[in-house]
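The next block holds one structure in the form of structure tokens; read it before the comments.
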Amino acid sequence: MVGKVRRTVDELRGLGDQVRADELEGRLAAARQEAARSLRDRTELYDGGTIRLGRHRFAVNTQPLDLTLVPTADGTGMALALTGTDYRSPVTDPSFTDLRPYWGQLLPSETPEIYRAEHLAARLLDEHGPTALAACEDLPALVRAAVEAAYDEGHERGVHDHDATLILTALLRLHDGAGLLRHTPEARAAAQMFWAHDTPPEDREVWTRRAVSLARARDTFGLAPAIDDFRAELATHVGAPAAAYLFDELTTAPVGFVTSTATRTFLDKFRRAMDSSAYEADLATITDVSTRRQLAEAWLSAYRTAAGESVDLAEAVAVELCPDLDRYDCAAPLTETVEGLLGTHPRVTARRLTVRIDELLARAHDFRTRTAPGFRAYQARRAELVAAERARLRLDEYRPRVMSAFVRNRLIDEVYLPLIGDSLSKQLGSAGGLLLLVSPPGYGKTTLMEYVADRLGMVLVKVNGPALGHAVTSLDPAEAPNATARQEVDKVNFALEAGNNVLLYLDDIQHTSPELLQKFISLCDAQRRMEGVWDGASRTYDLRGKRFAVCMAGNPYTESGTRFRIPDMLANRADVWNLGDVLTGKEDAFAVSFVENALTAHPVLAPSPGATAPTSTC
């Protein structure tokens with residue numbers, strides 16, 4: 001990878017793009033320095049999942065800061081959540097709520113109702129047609145190519161392509177014998193009722209002539225887009241599934257409507273089991289089609305239950321109510337058990353799956369035309385919501401970034417980190433407190449806290465004191481005097497809302513109002529409570545037992561040159577350290593730190609800080 005980056009740098013320079021080449025080279029150098037730093041820290045500070053800061057060890061969070069969608073606590077909705085924190089923001093967007101049926105779906109190719117290999121096999125049958133698939137010399141290769149193309153459908157190579165091949169082979173066998181029984185009984189019954197009761201003879205002649213002509217054009221010249229228009233026109237009268245069946249029936253020999261042998265047998269048994277004359281007389285006296293259907297369904301349903309039959313009732317009712325239609329019987333099997341499957345799914349039992357061609361094709365078509373597009377719309381809307389919330393929260397600002405020139409020298413290792421560790425041990429425990437760092441500019445307070453937050457894996461919320469100014473005395477963003485100050489107040493409230501795994505860092509507090517700093521007093525004692533405002537509502541945050549720490553940094557003097565005074569009640573609860581005063585007795589570490597820092601600027605000696613720090617004194 002490094003070699004590839006360097007080659008890219010050379011290519012950019014060859015193209016005359018010196019700026020991008022230097023930028024890429026600088027990022028590579030920074031990554032190398034960070035890797036050396038991390039290696040040294042893992043060797044000297046880390047022990048398993050903890051890191052040592054002075055006398056204390058702290059758990060390290062390795063989960064990257066990211067935004068995702070999770071179910072709400074009551075399970076009735078979804079909320080935007082920040083990983084590793086307590087931040088939860090319920091989603092109230094109506095367009096997202098409308099997609100609730102897809103919230104629990106994991107893949108665009110599978111649900112509890114359909115196995116992904118079933119979906120793939122049915123899709124290939126629809127795309128290529130049974131004739132082309134039957135003539136294919138290498139069906140497994142065709143399925144493998146489809147799996148590779150559908151890279152986002154979650155297919156496991158060697159598993160789902162294997163299962164889809166077996167299912168597709170079974171479908172081709174069933175399709176070859178089933179004929180038009182491949183359409184569901186409900187679709188065939190609806191088409192028969194429409195043709196017998198809702199279509200005058202002259203309209204039947206026109207429909208038939210048009211269908212036959214379009215089929216002839218398709219057979220002669222290939223594709224005939226008008227067939228789709230014809231089916232759509234029929235669908236306005238009888239529905240899409242019935243329209244597809246009716247077109248196939250009108251253009252396929254023999255003349256008439258197909259009837260399964262099982263339905264014929266069921267009706268024969270029904271008539272032998274009762275006095276058919278009374279039943280037929282009842283039907284004859286009723287002229288309303290819907291009422292006759294209700295009566296026939298009642299009789300046939302009662303007999304089916306009493307006799308323990310499992311025939312499809314819709315087709316039997318259509319045969320009873322449409323006696324004048326021409327019919328032909330078909331005894332082809334519609335079901336086959338596929339064995340030797342490798343995948344897992346609720347429909348697969350002991351590596352077996354029962355395939356019924358009419359049911360599977362209808363179920364797969366509904367999934368392909370309704371469920372899969374709906375799930376992809378859900379994925380797109382979900383990504384939009386996450387992206388919008390990520391931009392609103394400005395998440396990139398909360399990832400700690402250690403300066404590429406940072407060196408964990410003896411001064412930091414032996415003096416500063418133990419002080420920070422002592423304070424964090426109280427704040428991340430139950431004692432409360434606050435870390436307050438005071439020093440003139442240039443001591444590296446911000447850089448040091450960036451490093452600590454990065455190594456602990458905490459969210460670093462940096463608040464800019466000068467941007468707040470002396471006019472901000474409340475944590476209500478609506479009361480901020482300008483947009484910049486309002487943004488900084490929002491950061492404080494965001495840290496409180498996140499609650500867990502957060503390091504709140506207020507920089508240059510000498511530029512802020514003492515009244516604002518006093519808001520943090522209750523957060524520093526054993527109560528660990530603080531008032532804030534989020535999404536326009538006032539809230540009380542209880543941070544007891546939470547992995548939440550506060551650090552403030554400031555200079556001894558304000559911008560006007562006067563001495564900066566910290567509110568007494570806040571100072572009494574804080575660990576206040578002057579980074580200059582704590583060097584008493586550590587002059588040797590302070591002196592050696594200059595040497596250690598200077599080594600990073602030398603191209604030959606730069607690796608030394610990542611190996612062994614100097615131990616000599618000046």
**OP:** Select from the stretch 463-476 the residues that are in contact with a strand residue (DSSP E or B) (Cβ under 7 Å, 6 or more places away or on another chain) and crowded, with 21+ Cβ neighbours inside 10 Å and write down the one among them that is farthest from residue 401 (Cα to Cα).
**Re:** 475
Original post:
If we keep just the residues of the stretch 515-539 that are under 38 Å from the mean Cα position of the chain (by Cα) and assigned to a loop (DSSP other than H, G, I, E, B), which is surrounded by the most Cβ atoms within 10 Å (Cβ to Cβ)?
Top reply: 528
Subject >> Matching residues in the stretch 96-128 - criterion: being modelled with pLDDT under 95 and exposed (fewer than 12 other Cβ atoms within 10 Å of the Cβ) >> reply: 104, 106, 127
Subject >> Tally of residues being assigned to a helix (DSSP H, G or I) and either of a type in the set (Asp, Glu) or over 50 Å from the mean Cα position of the chain (by Cα) (or both) across the stretch 250-298 >> reply: 20
Original post:
out of contact with any His (no Cβ under 9 Å at 6 or more places or on another chain), part of a strand (DSSP E or B), in contact (Cβ under 8 Å) with a residue 24 or more places away in the chain and not small (Gly, Ala, Ser), is that true of residue 582?
Top reply: no
Original post:
What residue, of 248, 268, is under 22 Å from residue 179 (Cα atoms) and in the same structural domain as residue 320 (by TED's automatic domain parsing)?
Top reply: 248
**OP:** From 149, 145, 187, grab the single residue that is in contact with a helix residue (DSSP H, G or I) (Cβ under 7 Å, 6 or more places away or on another chain) and of a type in the set (A, V, I, L, M, F, W, C).
**Re:** 187
Subject >> Test result for residue 537, out of contact with any Phe, Trp or Tyr (no Cβ under 8 Å at 6 or more places or on another chain), hydrophobic (A, V, I, L, M, F, W, C), within 18 Å of residue 87 (Cβ to Cβ) and without any contact (Cβ under 8 Å) to a residue 40 or more places away in the chain >> reply: yes
Original post:
Do any residues in the stretch 317-333 that are in the same structural domain as residue 192 (by TED's automatic domain parsing) have Cβ atoms under 7 Å from those of residues that are in a loop (DSSP other than H, G, I, E, B) and of a type in the set (Val, Ile, Thr), where the two are at least six apart or on different chains, and which pairs are they?
Top reply: 326/255
**OP:** Within the stretch 143-199, track down each residue that is under 23 Å from residue 353 (Cβ atoms) and of a type in the set (Ser, Thr, Tyr).
**Re:** 165, 169, 184
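The values are calculated or read from the model by the stated rules, or taken from the named source; none is laboratory data. None of these values were measured; they are calculated from a predicted model. All Cβ positions, glycine included, derive from the backbone under ideal geometry; neighbour counts span all protein chains shown.
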